[in-house]
1. How many angstrom lie between the Cα centre of segment 330-351 and the Cα centre of segment 183-233?
2. When the Karplus curve 6.51 cos²θ - 1.76 cosθ + 1.60 is applied with θ = phi - 60°, which whole-Hz ³J(HN,Hα) does each residue of segment 286-291 get, with x for Gly and Pro?
3. From largest to smallest, what semi-axes in whole angstrom does the chain give when each is the square root of 5 times an eigenvalue of its alpha carbon gyration tensor?
4. Order these by the 10 Å Cβ neighbour count, fewest first: W374, W135.
5. Is the shape of segment 118-185 rounded, prolate or oblate, going by the alpha carbon gyration tensor and its root eigenvalues a ≥ b ≥ c, with a/c under 1.5 for rounded and a/b larger than b/c for prolate?
6. Sort segment 58-148 into rounded, prolate or oblate with this rule: let a ≥ b ≥ c be the square roots of the eigenvalues of the Cα gyration tensor; rounded if a/c is under 1.5, and if a/c is not under 1.5, prolate when a/b is larger than b/c, oblate otherwise.
7. Out of residues 5 or more away from A170 or on other chains, whose amide H comes under 5 Å of its own, with H placed 1.01 Å from N in the peptide plane?
8. Once the Cα atoms of segment 131-233 are picked out, what are the Rg and Dmax in Å?
Amino acid sequence: MKHLAATIALLLLSLSKAVPGAAGTRIHPDLGITFTLNAPEARAVQVAGGDGLGAGPYSMTRDAEGVWSVTTPPAVPGFHYYWFVLDGVVVSDPASDSFFGYGKPTSGIEVPEAGADYYAISQVPHGEVREKWYWSKTTGEWRRAFVYTPPGYDKNPRTRYPVLFLQHGAGENETGWTRQGRAQFILDNLIAARKARPMIVVMDRGYAARPGQELVSIDGNTPLERVKAAFSVFEGVIVQDLIPVIDASYRTLPDRGHRAMAGLSMGGMQTLFIALHHLDMFAYIGSFSGPIAPDLDSPQPLSHAQKRFDPLTAYDAAFANPAAFNSRVKLLWLGVGSAEPEFFRAGIGGAAEALQAAGVRRVYVESNGTAHEWQTWRRALNDFLPRLFR
């Protein structure tokens, strides 16, 4: 009965991505997807998307009424971005909700994973996701964070909670973990099952620039020295602005033993950069598919900067004394999808091996069959959360 309820919840989840009343997409039992677009004046239409949709773009066929369609091969379960290429112009699907990805509002589809009920909406107590606007002295602007408060937060005014700062990836924003990642439901389910401790989770926008400076867009072509400059500004936001605001606004346990930081992809890089520089503030660290970049003073682009990981010098020698590191850091979690590009798997897996050989205590997890996509990161979060604040 439990699995039936989970299956129904996941099917409803896949339907929730569509605009009510619109034709949209159809997921078949084999997880192939039929995409449709009403564009009678178009001359050529394709559908393309994230890694889990396969080796697109897929050319679509026009029927007599001007409706274009194509059925793709079976997709990998999980959330996937997609878009249409209409006569060479990239457009969103008018039958889909939009999700912030690839640096803009983008269509998305949820492909159910059989038996994966950990991110489904369940009949358990639910927390709340709130918006917190705050003034950043670092950037000289108002910023918005999303804050998950656990079930019972308002009913137990004397209870204080540990805090996880959870970051999105490049091209996404502070909405990613709750809209695409469904972090709030993963938390609800784990807390209800007593597998995770009730906690506050803070999700901020991972881009920052000082007043008068340009915002740096991070991708594989960004020189590492520019990545470092951008991360240094965001470090100021987290340490000098956001943590004090959260501690003043919510009932936190404001010490390093009750504070964690984690993130996916770019957010994983930011986590290692910030948390390893501030071990006086964080005792739990998680990097989900975060590229390993121990030297950010290079003019090389990020995608060509992979080098042998040396635990003695990496991240300003944060691991140089393994015994001291192990006594201070209660969890260092590294993970990657088994279907991710070699750049991610080799870098993250190699760092995990080097750390273990050096005597640094760490957890390393591979998500079987998933690429650089949200199902990898949902699985990562589901594994990471129960390990916190024990």
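A short reminder: the numbers here are calculations on the coordinates, not readings from a lab. Small disclaimer: the values here were computed from a predicted structure and weren't measured. Note: ideal-geometry Cβ built from the backbone for every residue, glycine included; neighbour counts use all protein chains shown.
1. Using only Cα atoms to place each centre, the spacing works out to 18 Å.
2. Computed from phi, the couplings for segment 286-291 are x, 10, 9, 6, x, x Hz.
3. Semi-axes, largest first: 35, 25, 21 Å.
4. Details: W374 28, W135 11.
So the residues, fewest neighbours to most, are W135, W374.
5. oblate
6. Oblate.
7. Here the answer is M266, G267, since their amide H atoms fall under 5 Å of that of A170.
8. Gyration radius and largest Cα-Cα distance of segment 131-233: 16.3, 49 Å.
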